[in-house]
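Asker: Handing you this structure, nothing more for now.
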């Protein structure tokens, strides 16, 4: 029964995300309306998640508690911006990224609204529901591996998708964002990181995001060269530099999670440990 209730959480949030996506598509090209619809999607997704968790699990929804949220989101955004800047800078230094003119402020606003909605809905679904639910049964390590794989495979549905691109997303995004959640036990840091990366990539550098074609951003960016360096048609997320950076950031977050005692063993092992402890105390 509990697993069905938790599945209901995913269905409701996915429905909000789908509705938001359709609305954004309907106002495509209108920067102001995209920003408004994106903000509404963010708010409704968070409210739907919090409401479903309270309804089905009867507990405070600490993972989206307002306390400390602005600071955590801000730190995540800064990490995402810096990471993306380093990757693009490296690709440019090697001669595989150039700026071919300036875009527009409206493109920047449009990407802000779209990427905010994408970051929140995906983090709520993949880290807020899937990772947390799987972790409860199978432990942190298996949950991180499985949800990262699912997150990567979901990107095979994108235009210009490749197996290498899906693998790269699984490692650098699924691993990093999942580890950020485990380190903090809140969704704010992964939301900020997810948004910061996507917004920098599309909104600032005008690069392809996850194979979704050219982006309208502040700059008109042009990528060239081998896929392993530039990411090819999938965009810089398929670059080896992004994958390497993701591995480093994931390790740092997992170290923090371990240090803070946030990693959870599989439920069977937890029950065995509790049984052993109870037997020891009864002696």
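Asker: Taking a temperature of 4 °C and a viscosity of 1.567 mPa s, what whole-number D in µm²/s does Stokes-Einstein yield for the chain with Rh from Kirkwood over alpha carbon pairs? Could the numbers behind the result be given before it?
Answerer: Values: Rh = 19.5 Å.
Rounded to a whole number, D works out at 67 µm²/s.
Asker: Please give the helix 240-259 orientation as an angle from the longest Cα principal axis of the chain, in degrees from 0 to 90, rounded to the nearest 10.
Answerer: Between the helix axis and the principal axis of the chain, the angle is about 30 degrees.
Asker: Applying a 10 Å radius around every beta-carbon, put 42-48, 158-164, 23-29 in order of their mean neighbour count, most first. Write down the numbers at each step before the final one.
Answerer: Details: 42-48: 18.6, 158-164: 15.6, 23-29: 14.0.
My ranking of the peptides, most packed first, is 42-48, 158-164, 23-29.
Asker: Which angle between 0 and 90 degrees, to the nearest 10, do you get for helix 69-93 versus the longest principal axis of the chain when only C-alpha atoms count?
Answerer: In the chain, helix 69-93 runs at an angle near 50 degrees to the longest axis.
Asker: Sticking with this one: Roughly how many whole Å is it from the C-alpha centroid of region 67-122 to that of region 232-250?
Answerer: With region 67-122 and region 232-250 each reduced to a Cα centre, they are spaced 14 Å.
Asker: Per residue, what volume in Å³ does the Cα convex hull of region 49-122 take up?
Answerer: In region 49-122, the Cα hull volume divided by residue count equals 123 Å³.
Asker: With a 10 Å radius around each residue's Cβ, average the other Cβ atoms per peptide and rank 184-192, 90-98, 138-146, highest first. List each step's numbers first, then the result.
Answerer: Numbers: 184-192: 24.6, 90-98: 16.6, 138-146: 18.7.
Result, highest mean first: 184-192, 138-146, 90-98.
Asker: Also, I was wondering about something else. Compare the peptides 106-119, 239-252, 197-210 by average per-residue count of other Cβ atoms within 10 angstrom and give them in order, highest first. All intermediate terms of the calculation are to be shown ahead of the outcome.
Answerer: Values: 106-119: 22.9, 239-252: 19.4, 197-210: 25.9.
Listed from highest to lowest mean packing, they are 197-210, 106-119, 239-252.
Asker: Using only Cα atoms, tell me the angle between helix 267-282 and the longest principal axis of the chain; keep it within 0 to 90° and round to the nearest 10.
Answerer: Orientation of helix 267-282: about 30 degrees from the principal axis.
Rule-based calculations on the coordinates, nothing more; no lab input. Note that the structure is predicted; figures quoted are calculated from it, not measured. Reconstructed Cβ throughout: ideal geometry from the backbone, glycine too, with neighbour counts over all protein chains shown.
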